[in-house]
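Data first, discussion second: the structure below is written as structure tokens.
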Amino acid sequence: MCGLTGLLCPKTDKDIKSYLSKMTSSLVHRGPDDEGIWTEESIGMGHRRLSIIDLSSSGKQPMNSNCGRFVLTFNGEIYNHLDLRVELEKQGHSTNWRGYSDTETLIEAIAHWGLDDALCRTRGMFALAIWDKKQRNLSLARDRIGEKPLYWGWAESDLIFGSELKSLRAHPNCQNGICIDALSQYLRYMYVPSPLSIYEGIFKLEPGTILTVEDIPLLSPPRKPIRPGERYGGISIRRYWNLKTQVETAAKNKIKEDNDAIISLEKTLKEAVESQMISDVPLGAFLSGGVDSSTLVALMQSLKNENVKTFTIGFNEYNYDESNHAEAVANHLGTEHNKLLVTDADARDVIPDLPQLYDEPFADSSQIPTYLICRSARKKVTVAISGDGGDELFGGYNRYVYGPKIWRNISNIPTPLKKLMSFSTQKIPQEVWDRFGDIYNKFRPGSKGISNFGYKVHRLGKKLINSDSFDELYINMISNFIEPNKLIKKDIYEPTSQLQDRLSELGIQDPTMKMMFQDMRTYLPDDILCKVDRASMGTSLETRSPFLDPDVISLSMRLPMHMKIRDSEGKWALRQVLYKYVPKDIIDRPKEGFAIPVGLWLRGPLREWVEDLLSNNNLAKDGMFNSDVILKAWKEHLSGKNDWTNLLWTILMFQSWKVI
């Protein structure tokens, strides 16, 4: 796990090494153990290393291939790299191994099989840049699902790239104009979806793709991002792995029997967990007490003779603290459990660090406890196993259960009547809906209940009005603010992101599968995995996600929907695996997640901070926002008339990011 950066210049009279040194130094938090810089004429690459496998200097990057043709800088882990070495040797690939790092395996695999084939053979997470001295071309690539980040774009005539925006900003000519389309998307979703970034002319490389620069000089930046299958001058992007192909292939080979599904899932998950437990440094796991993390920890403990180190976070002052559930799972499995108890003040103290840590506007408030648990775990381990991806692969979100049901019920209702229904849900106070929720949960025991019922009913009511198709209902369900254009003064063009790819054009029939598919392409990499990557790398901790192993992904696609969601309960097959290791009564309860009382903080101890960032002067400074709309929401939030927590937090994270 590391950080990478680099640049490609059409002019060779520039001081590339000086530029590159500043860009590389900005990523020291991602790799505190070593720094490497390589330049040759118009190309330069930088690397910061967090040593995980092969701690010796033989793993130093950027790395040259044995044949001398390729230079690689790489961030991530290739879990099956020893198997790839065996395969290379069987096929007669000649090399004198300098060490046993996965970086060396990867560059020799690329030299032997070519970039696309080598990446398809890997099981791992990565972002990389590789220079081909013979063809004089640069390629950038990102792992299948997007565990590791990779930005690219322009600094005047230079093409620049890196693991985080801060490395690109270190180039003196980096683009720094705000992309209004990206800002609009951010206000809607609370994150900037790929391939956009918050800056004009800077983009995120989409997961599962390769960008190749075949010739220089380079053209000026395109107005819109280049999508897979498109070309801009000498730059092209192609997919080496396609999630849609996985879905289509799996549809022809669905698992038919429940027992076969459970046996296959346990075996495949155990293999993925075992492969990701390889490390030359201390390793542990996050444990929330939910289905995903509990399943992985149970499998880890079954594979180890000593106790697995587990980590959870607890909140002294919150009545919905779930750390006791994690403790119950840890006690049953016999892990070496570490519980971090924090106060409101501890959590709030993290807020000033968030803009620098996340590097781009990001408003998923669970970023706070995620950073705290990473910081705590780093004191005892360098690698932590995480349960990310379980919800998207196995049907864990409530929208997968209720979205299709809601659409079936409202699809034929005239728009005026839908508006009346939406208005009616808002008129009933949240606390009244909560009482209905308590009654409902009594008849739907365990994980089949719904937490925060009133809040969710109000949110849903607001989103029914503009839902004239299932696509629109899905987009509204995942949106923080449905009409971001009301917040922005400047003209917004048609946004270009993966979230604008129409569900109806994906060739997938099942509505729940459409939602899961889109979440795997967007919400998972751009919110969940981004959140964990920045929080963990901000503390020099590597996180690994066994659910995102390609074999696990392929198997999950073969499970019929009734093996994922059954009797309005998600993760059915995954639960059956877990129940082999942990009793059902310890696990089953309504899903809550990392909820923290941001709305209360805004009215209370953070009020002065809020009012400074939302002052007329600050909002009007760039001429972007309609301050009247925002200030009205703030007044309603202060009075308790409406809960505008998510909207306000999104604005505040942007405002605080602007000044870093």
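Here are the numbers for this structure:
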{"read-out": "Entirely in the stretch 483-586, the helices (runs of 4 or more DSSP H) that have 1 or more residues that are farther than 26 Å from S264 by Cβ, modelled with pLDDT of 95 or more and not polar (S, T, N, Q)", "value": "530-537"}
{"read-out": "Identity of the residue in the stretch 6-28, farther than 15 Å from C174 by Cα and open to solvent by 50 Å² or more (accessible area, probe 1.4 Å), that ends up modelled with the highest pLDDT", "value": "S25"}
{"read-out": "Residue pairs meeting the criteria (Cβ under 7 Å; at least 6 apart or on separate chains; first free of Cβ contacts under 8 Å to residues at least 24 places away in the same chain, in the stretch 171-199; second open to solvent by 10 Å² or more (accessible area, probe 1.4 Å) and of a type in the set (S, T, Y))", "value": "N176/Y199; C179/Y199"}
{"read-out": "Test for L165: is it in contact with a Gly (Cβ under 8 Å, 6 or more places away or on another chain) and modelled with pLDDT of 95 or more", "value": "no"}
{"read-out": "Yes/no for R444 being modelled with pLDDT under 70 and of a type in the set (D, E, K, R)", "value": "yes"}
{"read-out": "G153 part of a loop (DSSP other than H, G, I, E, B), in contact (Cβ under 8 Å) with a residue 12 or more places away in the chain and open to solvent by less than 20 Å² (accessible area, probe 1.4 Å)", "value": "no"}
{"read-out": "Test: residue in the stretch 69-91 that is at pLDDT below 90 and not β-branched (V, I, T)", "value": "no"}
{"read-out": "Hits in the stretch 1-29 - residues which are under 22 Å from S58 (Cα atoms), assigned to a helix (DSSP H, G or I) and small (G, A, S)", "value": "S21, S25"}
{"read-out": "The stretch 385-415 - residue that is open to solvent by less than 50 Å² (accessible area, probe 1.4 Å) and more than 28 Å from the chain's Cα centre (by Cα) and, of those, farthest from L299 (Cα to Cα)", "value": "I413"}
{"read-out": "Some residue of the stretch 599-611 being aliphatic (A, V, I, L, M), touching a helix residue (DSSP H, G or I) at 6+ places or on another chain (Cβ under 6 Å) and touching a residue at least 40 places away in the same chain (Cβ under 8 Å)", "value": "yes"}
{"read-out": "Output for the stretch 308-365, where each listed residue is open to solvent by 30 Å² or more (accessible area, probe 1.4 Å) and part of a strand (DSSP E or B)", "value": "K309, E336, H337, K339, L340, L341"}
{"read-out": "Pairs, first closer than 10 Å to A111 by Cβ in the stretch 63-78, second acidic (D, E), C-beta under 7 Å, six or more apart", "value": "S65/E108; N66/E108; R69/D132; F70/D132"}
{"read-out": "Pair list, Cβ under 8 Å, 6 or more apart: the stretch 15-30 residue farther than 19 Å from I52 by Cβ, other residue open to solvent by 10 Å² or more (accessible area, probe 1.4 Å) and part of a helix (DSSP H, G or I)", "value": "S26/K166; S26/R169"}
{"read-out": "Whichever residue in the stretch 595-622 is open to solvent by 70 Å² or more (accessible area, probe 1.4 Å) and not in a helix (DSSP H, G or I) and, among such residues, is nearest to I488 (Cα to Cα)", "value": "K621"}
{"read-out": "Criterion: more than 30 Å from the chain's Cα centre (by Cα), open to solvent by 20 Å² or more (accessible area, probe 1.4 Å) and of a type in the set (S, T, Y) - qualifying residue of S554, S639, S568", "value": "S639"}
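Residues are listed down the side, and each one gets a yes or a no for (1) farther than 20 Å from A330 by Cα; (2) not basic (K, R):
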{"position": "S545", "(1), (2)": "no, yes"}
{"position": "P550", "(1), (2)": "yes, yes"}
{"position": "S556", "(1), (2)": "yes, yes"}
{"position": "H562", "(1), (2)": "yes, yes"}
{"position": "I565", "(1), (2)": "yes, yes"}
{"position": "G570", "(1), (2)": "yes, yes"}
{"position": "R575", "(1), (2)": "no, no"}
{"position": "K580", "(1), (2)": "no, no"}
{"position": "D585", "(1), (2)": "no, yes"}
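The values are calculated or read from the model by the stated rules, or taken from the named source; none is laboratory data. All figures in this text were calculated on a predicted structure; none of them were measured in a lab. Counting neighbours? That spans all protein chains shown, and the Cβs are built from the backbone with ideal geometry, glycine included. Remember, those area values only see protein heavy atoms, side chains included, never the ligands or the DNA or RNA. Shrake-Rupley method; radii C 1.70, N 1.55, O 1.52, S 1.80 Å.
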